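Before any comments, here is the structure.
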Amino acid sequence: MVKKNIDITDLVEKARNKDQKAFNTLLNTYWSDVYRFQFLRTGNEDEAEDITIKTFSKAFDKIDLYNERYNFKTWLISISKNIFLDHLRKQRTETVSFDDSTSEAYKIFDETPSAEDQLIIKQNLVQLKNYIKQLKPHYQEIINLRYFREMTYKEMGETLNEPIGNIKIQLLRSKKLLAEIIKKSPKS
C-alpha cells in the first residue's frame with residue numbers, strides 16, 4: 001500500500017541528496033509499519049523501538065542501494081527483519097553451561113563487574129563524555145537525555161517541546177555524528 005499524497009520516489013531521491021525533511025517524512029510515513037512488524041516479533045516495546053531506530057538508521061545510511069523497482073516499505077521491512085535476526089543471534093551467544101546429569105542448559109550471569117572492569121568502564125565513560133562534548137550543544141542534550149538520564153522519547157519530546165518524530169531523527173543524527181567523531185579520533 002502506497003501512502004496517500006506522498007511521492008515516495010521523490011522523497012527517496014531527496015533523501016539520497018541528504019535532504020533532512022525527506023528523511024523525516026520517510027521516517028514518519030513508515031515508522032508505525034516497521035515498529036508494528038518488530039513489536040509482533042519481540043513482544044517488547046523497547047526492543048521493537050530500538051530495532052526500528054536501527055532499521056531507519058541503516059536504511060538512511062544505505063539509501064543509495066535502494067532499488068526503485070521494489071516497494072520502499074518492503075525494503076525497510078527486509079532491513080528490519082535482518083536486524084531482528086542479528087539481534088536474536090546475539091542473544092543466543094550468551095554463555096551457556098550444560099548440566100550433564102539432567103542435560104539441561106543454564107544461562108550463567110555474573111553481572112558484578114570486577115575491579116578491572118569498573119576501572120575500564122570509568123575510563124571509557126570519561127572518554128565517551130569527551131567525545132560527546134565535541135557535538136553541538138543540542139545534540140549533546142539529546143544524547144544526555146536519552147542515555148544518561150534514560151528518558152523515553154515521550155519524556156524527551158515534552159522536555160524539549162518537540163514532536164517525538166523529530167526527537168528520534170535528532171537522536172539518530174546525534175549518534176551518527178558521535179560515531180564519526182569516535183572513528184576520527186586517534187586511538188590510544
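General remarks:
- In the stretch 178-187, the residues that are in a helix (DSSP H, G or I) and over 15 Å from the mean Cα position of the chain (by Cα): Glu180, Ile181, Ile182, Lys183, Lys184
- Count - residues of the stretch 8-54 that are at pLDDT 85 or above, open to solvent by 80 Å² or more (accessible area, probe 1.4 Å) and part of a loop (DSSP other than H, G, I, E, B): 1
- Selection count where residues are of a type outside the set (A, V, I, L, M) and within 22 Å of Lys14 (Cβ to Cβ), scope the stretch 42-77: 19
- Some residue of the stretch 152-164 being outside any helix (DSSP H, G or I), of a type outside the set (Gly, Ala, Ser) and closer than 20 Å to Lys54 by Cα: yes
- Qualifying residue in the stretch 115-135 (condition: within 18 Å of Ile53 (Cα to Cα) and modelled with pLDDT of 70 or more): no
- Complete set of residues in the stretch 146-177 that are open to solvent by less than 50 Å² (accessible area, probe 1.4 Å) and under 13 Å from the mean Cα position of the chain (by Cα): Arg146, Tyr153, Ile167, Lys168, Ile169, Gln170, Leu171, Leu172, Ser174
The values are calculated or read from the model by the stated rules, or taken from the named source; none is laboratory data. These figures come from a predicted structure and were not determined experimentally. No Cβ is skipped: glycine too gets one built from the backbone with ideal geometry, and neighbour counts run over all protein chains shown. Please note that ligands, DNA and RNA were not included when accessible areas were found on the heavy atoms of the full protein model with its side chains. Shrake-Rupley method; radii C 1.70, N 1.55, O 1.52, S 1.80 Å.
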